[in-house]
Amino acid sequence: PSLSASGSNTVFIGGMAGSVDLFSGVTSSTNDSGQTFSSMTLRVEGLSDSGEFINVGGTNISLDGTASGTLSGIGSYSIFRIGNAAILQLEMSASSEQINGLVDGLRYGNSNENVTAGTRQVTLVNISDSGNSNNNTALNISASVNVLASNAALYVTSGSDTGDDAGFGGSIQD
C-alpha cells in the first residue's frame with residue numbers, strides 16, 4: 001500500500017477550544033484490486049500534559065496512558081504511552097477514499113488549562129492493507145504542533161489589524 005500527505009506546521013495556544021489540523025493533501029492506494037486498508041500506526045512525541053489528545057474521526061483519543069476502544073464507523077484503536085511519547089494503532093477496513101478522509105481529519109488538541117509549551121511531533125509511521133503479501137508500508141510523514149502557553153505573546157503574521165483589539169488576551173508584539 002502507499003500513502004502520501006503533507007504534514008502541517010501549526011500552532012496550538014493553551015486555553016483555545018478545539019484542536020488543530022495535522023495533515024492535508026492525502027492520497028493513498030492499496031495498489032491491489034479488491035483490497036482495503038486494515039491498520040495504521042501513528043507516533044506522537046513531545047507529550048507533557050494530561051489532557052493532550054488526537055481526534056480521529058470526530059472522537060478525542062486521550063494520549064495520557066494506555067487504552068483501547070471503538071471508533072464509530074472506523075474500527076478500533078489502541079494507545080500506548082511510553083514517557084513523553086505515545087503510539088496509536090488504528091484497526092479498520094477502509095477504502096482509499098475513507099483512509100484519505102481519516103488522515104486528512106486527524107487533529108491535535110490539549111484540554112489542559114496550563115499547557116506546557118513545546119513542540120509535539122505527530123508522525124504517520126505505518127500503513128497496512130488486507131493483502132497476503134506486500135501488505136505493509138513504513139511511512140515517515142510528520143506534522144509539527146508548536147504548543148504555546150495561553151499567556152504567551154501573540155504575533156500577528158498577516159493582515160493589517162495590529163491595534164489593541166487584535167490581541168488574544170494580551171498585547172501585540174512586533
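The values are calculated or read from the model by the stated rules, or taken from the named source; none is laboratory data. Since the structure is predicted, the reported quantities are computational estimates derived from the model, not experimental observations. Quick reminder, even Gly has a Cβ in these numbers, built from the backbone with ideal geometry, and neighbours come from all protein chains shown. With ligands, DNA and RNA removed, areas are computed over all heavy atoms of the protein, side chains included. Shrake-Rupley method; radii C 1.70, N 1.55, O 1.52, S 1.80 Å.
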Hey, does segment 26-42 have a residue that's on the phi > 0 side of the Ramachandran plot, over 13 Å from the mean Cα position of the chain (by Cα) and modelled with pLDDT of 95 or more?
no
Of all residues being open to solvent by less than 30 Å² (accessible area, probe 1.4 Å) and assigned to a strand (DSSP E or B) in segment 22-37, which is farthest from residue 122 (Cα to Cα)? Just the residue, please.
37
Report yes if residue 65 is over 22 Å from residue 129 (Cβ atoms) and touching a residue at least 24 places away in the same chain (Cβ under 8 Å), otherwise no.
no
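Identify all residues within segment 31-48 that are under 19 Å from residue 143 (Cβ atoms) and either free of Cβ contacts under 8 Å to residues at least 24 places away in the same chain or in contact with an Asp or Glu (Cβ under 9 Å, 6 or more places away or on another chain) (or both); write none if there are none. Talk me through it step by step, then tell me what you get.
Of all residues in segment 31-48, those under 19 Å from residue 143 (Cβ atoms) come to 40-48.
Within segment 31-48, 40, 44, 47 meet the criteria.
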Hits in segment 72-96 - residues which are within 12 Å of residue 42 (Cα to Cα) and surrounded by 19 or more Cβ atoms within 10 Å (Cβ to Cβ):
77, 79, 86, 88, 90
